[in-house]
Structures are given as structure tokens and as C-alpha cells.
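For reference, the structure is listed below as C-alpha cells.
A short reminder: the numbers here are calculations on the coordinates, not readings from a lab. Computed from a predicted structure; not experimentally measured. Cβ placement follows ideal geometry from the backbone for every residue including glycine, while neighbour counts extend to all protein chains displayed.
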Amino acid sequence: MNVIFTCGGTAGHINPAISVANLLRSRRPDANILFVGAEDGMENKLVPKEGYRLETLRISNYQRKLTPKGIWHNMKTLKNIRGSLKKADRIIRDFQPDVIVGTGGYASFPMLKQGAKRGIPTAVHEANAMPGLTTRMAADAADRILVCFEESREYYKNPDRVQVVGMPVREEFIYTKRADARARLGLTDDRPLVVSAWGSLGAREMNKRIADFFKLECRDGNPWHHVHATGSYGWRWMPDYVKEQGVDLQAHPEIDMREYIFNMPDLMAAADLIITRAGASSLSEIQAAGTPCIIVPSPNVTDNHQEKNARVLERRGAAQVLLEPGLTAEALYAAAKALLEDPARSEAMRKALHDMAVVDSAERIYSIILELAK
């Protein structure tokens, strides 16, 4: 069996494909697996690291603002698409795939389009509650449309092709025990643990709110442990900014500020609250871990999809949603304090998250691949 996984751009598109590919490789060692992505995407690091062959396409996005610069960019994008479609044909001809699975990013469109045109079974996975541009373009011809939320079905013309499969996440998010995680983290007292992060790059304004959040924690005698990830950009300026706000982190060891969080499964399992964005991968990990959460969706994303993702959880009682415009550190701190001091609400949120979680997502997608390959 020959399977192409096509994805690109962000880890949220690439990691689900890698999870399913790993399962396919373990179950069907004779399967031939090829990844197809963009020339300049994160897949160039993540995919070879997992031992998979990667072909790349030259791809670029569309500019919605029709300024002279935007029009020139879109003309270049059209040229790249024509070249990528030709290369996609060559890849399909050489590899002879039985199935093509796209998990998002502009780089996945040429393979899905040319595969469907040639009659090869295709499946497109959409991580967000509302379909992005690539999914909208590919969905009509796809044999299966794979979504994370039942609420997403209404956005597609062919709901009979839609299957709810969730988002593949690492098993550690599902099975890590709270007591074990707290022991590994060295949390020896009963104070709650708060985790906050705004993504791998960081968000300047929200990082500033967290700096003020630190001040409020110190004022109240550090009522909880707090781990905050600044992101790569935030790490350049935030340590100095925190000092300027009068917070001496060395005098307050309960606050752990770092650039990245590499042991997120342990931190989520141990945490009493996570404060973060509404990216599809993050929300799937939160559901798997069942960690009570305050979600502040990024307002700087296409189609406001993060707020739409967050509202799905909010409607089921699985999250508290606060919008960034007008949000103060005091309001964020008050919301965190209220949730941490309400065990019944926290427990109800944990249950709602676990009820939403699709813990066998990779298994479901694997089964669909086998079905399409027939």
C-alpha cells in the first residue's frame, strides 16, 4: 500500500499526519509512505526527523488586501500553483499512491486536487471548527472530509462525506497521571499549578498582561505555582520588561518563566488551570488532558477561526473564553482566581473536556485510510 500525506506550514498541520503515519508504519510495515509539503515549511525539519521521505512544492498564500503589493504577490502565487500542480502530477505518477491524505496548509491543495482528478481516493482533515481556504477548495472532490467537531458538519456541502475523527495527539496527554506529573515537576505542596502560553512565537500584548499578572500574584503572596512560556520573540524582551514592572523572579520561585515548554504533557496533567490560545492542536491536547482552561483566542487569524474553535468548547462547558480586546491583567487574574477557588466548576470543566476528547483519533483516520485503499 502506498500512502501520501500532504501538509505544511505549522506543526498543527504536520504533527497529526506524523501521528497517523507512525501508526500506519507500526501496523503495516510494508506500507510505502511519502510526505509532500512546502519548500520553506516546518515539515522540512519535522518529517525527516521521523524517518520519512519528503517531497516539496513551491507554494505561497493569497493576500486578501488588493493593494499593488498584494496583487503582485497573488500573481506570483498563481504561478507557483501552476508549477506545483505539474510537480504534483509527477509525484503521483512516480509514487502511484493508493490514498492521499491532506492535513492542512496551502501545500496540501495541489496533491489533493491532482489526486482527485486522477481518481485516487483522497481525504482532507480540517483541524478548526470552521474550514480554512485549503479545505474549502479541496472538500468538494474529496472522498472523506475529516473534522474535529460534530458542529463542523454544517459547513460542508456533502455532509454524508464528513466524519468526526478528532485531532491526533501524543498518548502522553491522554495517559499521564496527575500525581506522577506533580512528582516529576517537584511540586511538593498542595498549591495549584497555573500554566500559561501564547504559542511558539509569543504574543506581545498578552505577554505584557502576564507580566502584570505576575505582579498581582506577588501582591497576594503567590497563591499558586505558575509556569509561563514567553515564546521565541517574547523571550527577547519579556525578562527585562518583568523587571521593569518591579517583579523579581528570583525572589518568587513560584513563578517559572521560560522560553518554551518542552514537557507540556506533564504540565497539563499536573495543572489546575491552563491559560492559552485557541489553536486546534492546543485545544485537542487540553481536551485529552482534561485541564480546566481559560482561552483567549488570537484576534489576528484568518476568519477569526480561533474564537470559533473556543466557542465550541465554551458551549459545552469545557472552557471559559475571554476576548483579547479590552482584556486587562486584573480581569484575567480575577477569572483565574475564581476558577481555581471553585472546585465544583473545575471538576465539571474536566468532565466536559474528557467527554469531548477523541482519544482514538489516529486509529479512526488509519481505519479510513484502509477503507479508501480498498
Query raised in the report: Taking the alpha-carbon centroid of each part, what is the distance from the stretch 98-167 to the stretch 219-285 in angstrom?
Result: 35 Å
Requested in this report: Grab the beta carbon distance between ARG82 and LYS157, set R0 = 35 Å, and tell me the FRET efficiency rounded to 0.05.
Outcome: 0.85
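Okay, helix-only estimate at 222 nm for the chain: each DSSP H run of n ≥ 4 adds -39500 (n - 2.57), divide by all residues, round to 500 deg cm²/dmol; what do you get? Before the final figure, lay out the partial values.
Details: 15 runs with 178 residues, N = 374.
Here the helix-only value at 222 nm equals -14500 deg cm²/dmol.
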Report summary line: Going from the fewest other Cβ atoms within 10 Å to the most, one would list CYS7, CYS293, CYS148, CYS218 as CYS218, CYS148, CYS293, CYS7
Query - In Hz, Karplus ³J(HN,Hα) per residue of the stretch 190-199 (6.51, -1.76, 1.60; θ = phi - 60°; x = Gly, Pro) - result: 8, 5, x, 10, 10, 10, 9, 6, 10, x
Requested in this report: Could you run the Karplus curve 6.51 cos²θ - 1.76 cosθ + 1.60 with θ = phi - 60° over the stretch 306-323 and give me ³J(HN,Hα) per residue in whole Hz, x for Gly and Pro?
Outcome: 5, 5, 4, 4, 5, 5, 4, 5, 4, 4, 9, x, 9, 6, 9, 10, 10, 8
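What's the extension gain from ALA11 to ASP190 if we count 0.36 nm per residue and subtract their Cα-Cα distance?
On the way: separation 179, 0.36 × 179 = 64.44 nm, distance 3.44 nm.
Extra length from ALA11 to ASP190 when fully extended: 61.0 nm.
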Requested in this report: Starting from the Cα of LYS374, draw a straight line to each of the aspartates and glutamates and keep only those under 18 Å, dropping any in the same chain fewer than 8 residues away.
Outcome: ASP30, ASP98, ASP143, GLU363
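How compact is the stretch 172-356 by the rule of thumb for globular proteins, expressed as Cα Rg over 2.2 N^0.38 Å? Present the calculation step by step, with values, prior to reporting the outcome.
On the way: Rg = 15.3 Å, N = 185, 2.2 N^0.38 = 16.0 Å.
Its radius of gyration relative to the 2.2 N^0.38 Å reference: 0.96.
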Query raised in the report: Between ARG118 and GLU150, 0.36 nm times their residue separation minus their Cα-Cα distance comes to what?
Result: 8.5 nm
Report summary line: Rg (one decimal) and Dmax (whole number) from the Cα set of the chain, in Å, equal 21.7, 66
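How much length is gained if the chain between GLU347 and TYR260 is pulled fully straight, taking 0.36 nm per residue apart and subtracting their Cα-Cα distance, in nm to one decimal?
Values: separation 87, 0.36 × 87 = 31.32 nm, distance 2.79 nm.
Here the answer is 28.5 nm.
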